[in-house]
Amino acid sequence: MVPRAVSSARRMLAAGAVLAVKGLGGYHLACDATDARAVAELRRRKARGDKPFAVMAAGLADVEPLVHLGPEERGLLTGTVRPVVLLRRRDEPEAPTGASPAAAVAPGSPDLGVMLPYTPVHHLLLGLGAPEGEDGPRLLVMTSGNLSGEPIVTDDAEALTRLAGLADAWLLHDRPIHVPCDDSVVRICDGEQLVLRRSRGYAPLPVALPFDVEPALAVGGDLKNAFCLGEGRTAWLSAHIGDMDDLVTQQAFASAERQLESITGVRPRLLAADGHPAYRSARWARRHAGGRPVVPVQHHHAHIASAMAEHGLDGSRPVLGVAFDGTGHGLDGAVWGGEFLLADYAGFARFAHLAYVPLPGGDAAVRRPYRMALAHLRAAGLAADHRLPCTRACPPDELRVLERQLDRGFHCAPTSSMGRLFDAVSSLAGICHHAGYEAQAAIELEAAALRAPDAGADGRWTFRLDRPGTRAPLTADPAPLLAAACDDVRGGTGPAVIAARFHHAVARLVRTVCAAAREATGVETVALTGGVFANTVLSSACAHGLRQDGFRVLRHRLVPPGDGGLALGQLVVAARTTARTAPAPGAAEQQ
């Protein structure tokens, strides 16, 4: 017999209510995914912006008409872990009327995040054992029970207060949740698993290390934080913690760190942190060091080391790491993010990078991609006339201020970020001018590229490679590419073709620079890492081209390519750095 509470919950969901549902690792907020009004209301209450929601389906038959399902995706959906799996949408869904998710579930995304039930309560909510006429929805939005940016709620009393403005009702059970754990998020890229958020079902499963490390804690980064404990030849990555920009998340970090120490038995004698002096995670490490050494690790070096470690490389030979992301503190004080680094665990050398452009207003440029587009055009010496969507998107008063800001260089840190170049092209093409969540402009640019798979490469779309000095790294200047993009936009070329040509151009840049690095150094292994490589269009194109050129290509499979995998790289770099600098036994007596 179905409990009365579950029957009531199903009826409320069918009527358009938002429910707080207690799960395995925390609360979900749930509503009928096919009810446009309910989805919009949940998005408003949660302050979600346009960030996609995940959905839970009763079974494969409910999602097969909506998305492309290969054998690997089916295996992930029906396996024991039951993560959220990002699935490519069908161009024309085959679902009957009423069975498709509302447009507001995942606006602008090429994918739909889907999971199947993994607790008895989920099965009951989705119709198991329901009497005839009380089936309820078979497709539910299932998003973490919190305000955007906060940790997931786990405590019942806390749920009744923190979720009071979000939920219309609560569906509880009497099993306490001791360890918060969000749903993991994965996708399939070229037939292999790519973990984007490593949490329920994956964490804290151990990761084998290629060499021994002393007991250590790596605290990760400030975005999508996860930390890592290691000892001997084993590392334990925490579940996803979240963004470290509020006190609640920092408290959740401290609690999770204590809990993971207790179950692993690791007592860190060494701490590792990002090299950014203002990162909250690094500040936490310094505050809690208690006399233990804290090793700063450059952001992109950590990304590359993470890929090396999960593939079992011992570091005896360097790799060429292609580290593309939104931001990372550079050794010269600039904002890095379009890096080609010759690296092992002990150190790195910058072989090439994207040419610097101003980042006007810092986070303001991230939230408003048109600012990044206008900064790139100015750096390239290109006119930003009103035939370009990015210029039209900028309010006239703001445009005048922005021009003065770029003239004077006020609050304009130089950046080599590939993530920001994706933002710029997304706005230039008229795709996304305002980003309501991280990487929205890049995600929508990828979605557009999928609509023009036959656009092909265009020789005008290229980067100019320069070497400003004999010992300086190569710089990849996007000015020719941007000039071609402006010509195409003014000539009426559609956003999908612009997006596809851009992806081709970036993949061609990666092949060209990697070939130059092999000729100069003999390096034969390339690691593709950083959050930009969550983009499967780019990742697949780069990997395919590099393998054609004879390179061994490392891509993330066990840990995320973005900042959720950063701590693993910090751990092994710090361990190798301290082992290399520590005095040999008896050295003190010999001096």
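Values computed for the structure shown
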{"item": "Table column - 3J(HN,Hα) (Hz), region 364-379, Karplus curve with 6.51, -1.76, 1.60, x for Gly and Pro", "result": "4, 6, 6, 6, 10, x, 5, 5, 5, 4, 5, 5, 5, 5, 5, 5"}
{"item": "The chain: radius of gyration over Cα atoms, expressed as a fraction of 2.2 N^0.38 Å", "result": "0.98"}
{"item": "Accessible area of MET372 in the full protein assembly, 1.4 Å probe (Å², nearest 10)", "result": "0 Å²"}
{"item": "Rounded to 5, percent antiparallel among DSSP beta bridges of the chain", "result": "65 percent"}
{"item": "Carbon/sulfur fraction of accessible area - the chain, other protein chains in place, 1.4 Å, %", "result": "53 percent"}
{"item": "Using θ = phi - 60° and Karplus 6.51 cos²θ - 1.76 cosθ + 1.60, couplings along region 455-462 (whole Hz; Gly, Pro as x)", "result": "4, x, 6, 10, x, 6, 7, 8"}
{"item": "Under-5 Å amide H pairs with PHE351, H placed in peptide plane, nonlocal only", "result": "PHE340, LEU341, LEU342"}
{"item": "Extension reserve of the ALA157-ALA47 stretch, reckoned as 0.36 nm per residue once the Cα distance is removed", "result": "37.4 nm"}
{"item": "Distance histogram in 10 Å bins (all Cα pairs of region 185-232, percent per bin)", "result": "21, 44, 31, 5"}
{"item": "Distance histogram for region 372-415 (every C-alpha pair counted, 5 angstrom bins, percent rounded to whole numbers)", "result": "5, 21, 35, 26, 12, 1"}
{"item": "Amide H partners (placed H, <5 Å) of ASP182, local residues excluded", "result": "ARG200, HIS240"}
{"item": "Solvent-accessible area per residue for the chain (1.4 angstrom probe, square angstrom)", "result": "40 Å²"}
{"item": "The chain: relative contact order as a whole-number percent, Cα under 8 Å and 6+ apart", "result": "15 percent"}
{"item": "The chain: calculated mean residue ellipticity at 222 nm from DSSP helix runs of at least 4, using -39500 (n - 2.57)", "result": "-11000 deg cm²/dmol"}
{"item": "Sequence-separation-based contact order of region 390-486, relative, with Cα cut under 8 Å and 6+ spacing, percent", "result": "18 percent"}
{"item": "Which of CYS390, CYS412 is most accessible, then next, and so on - probe 1.4 Å", "result": "CYS412, CYS390"}
{"item": "Simple Cβ-charge dipole of region 95-229, Lys/Arg +1 and Asp/Glu -1, about Cα centre, in debye nearest 20", "result": "180 debye"}
{"item": "Extended-chain gain in nm, criterion 0.36 nm per residue less alpha-carbon gap, ARG90 and ALA383", "result": "101.6 nm"}
{"item": "Under the Karplus curve 6.51 cos²θ - 1.76 cosθ + 1.60, θ = phi - 60°, whole-Hz ³J(HN,Hα) for region 207-219, x wherever Gly or Pro sits", "result": "10, 6, 9, x, 7, 6, 10, 6, x, 8, 10, 10, 8"}
{"item": "Nitroxide proxy distance, nm - points 7 Å out along Cα→Cβ at THR470 and GLU150", "result": "6.1 nm"}
{"item": "Mean separation of Cα contacts under 8 Å, 6 or more apart, over the residue count of region 223-279: relative contact order %", "result": "29 percent"}
{"item": "Farthest positive-ward along region 192-274 dipole, Cα basis, beta-carbon charges - from LEU217, THR249, THR264", "result": "THR264"}
{"item": "Ordering of 528-534, 65-71 by packing [mean C-beta count within 10 Å, highest first]", "result": "528-534, 65-71"}
{"item": "Percent antiparallel among DSSP beta bridges (both partners in region 8-124, rounded to 5)", "result": "75 percent"}
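The values are calculated or read from the model by the stated rules, or taken from the named source; none is laboratory data. Because the structure is a prediction, the values reported are computed rather than measured. Quick reminder, even Gly has a Cβ in these numbers, built from the backbone with ideal geometry, and neighbours come from all protein chains shown. Remember, those area values only see protein heavy atoms, side chains included, never the ligands or the DNA or RNA. Shrake-Rupley method; radii C 1.70, N 1.55, O 1.52, S 1.80 Å.
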